[in-house]
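Participant: Got a structure for you, written out below as structure tokens; questions coming shortly.
Any read-out appearing in this document is the output of simple, stated calculations on the displayed coordinates, not a laboratory observation. It should be emphasised that the depicted structure is a prediction, and the values quoted were computed from it without experimental measurement. Cβ placement follows ideal geometry from the backbone for every residue including glycine, while neighbour counts extend to all protein chains displayed.
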Amino acid sequence: MDIVGLLQWPAMLTTVTASWLVASRAAPRRAAGFWCFLLSNVLWVLWGWHDHAYALVVLQFCLAALNARGVYKNE
């Protein structure tokens, strides 16, 4: 497995961490969660592009748009 192939593990951990933060009642934690989701979107796009998982890449762009909306609505 090459370096890019290993990105799936930090992407997964970042996604789980983001989910935990977004579920918080504290606005700063929720905001941090949305930014973590955006980071996880970038990691998944890199991994998906490398592995030719183009549906995953498109999904991540759609989810990034929803995450950006979440950041805006959280403020």
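Participant: Could you give me the residue pairs with C-beta distances under 7 Å whose first residue belongs to the range 47-75 and is within 19 Å of residue 14 (Cα to Cα) and without any contact (Cβ under 8 Å) to a residue 40 or more places away in the chain, whose second residue is aliphatic (A, V, I, L, M) and not in a loop (DSSP other than H, G, I, E, B) wherever it lies, and which are 6+ apart or on separate chains?
Facilitator: Cβ pairs passing all conditions: 48/56; 48/57; 49/57; 57/45; 60/45; 64/38; 67/38.
Participant: Give the residue that is surrounded by the most Cβ atoms within 10 Å (Cβ to Cβ), with candidates limited to residues of the range 9-30 that are among the aliphatic types (A, V, I, L, M) and over 11 Å from residue 67 (Cβ atoms).
Facilitator: Filtering first and then ranking leaves 11.
Participant: What are the residues in the range 34-69 that are surrounded by fewer than 16 Cβ atoms within 10 Å (Cβ to Cβ) and under 17 Å from residue 23 (Cα atoms), if any?
Facilitator: Of everything in the range 34-69, those that are surrounded by fewer than 16 Cβ atoms within 10 Å (Cβ to Cβ) and under 17 Å from residue 23 (Cα atoms) turn out to be 35, 66, 68, 69.
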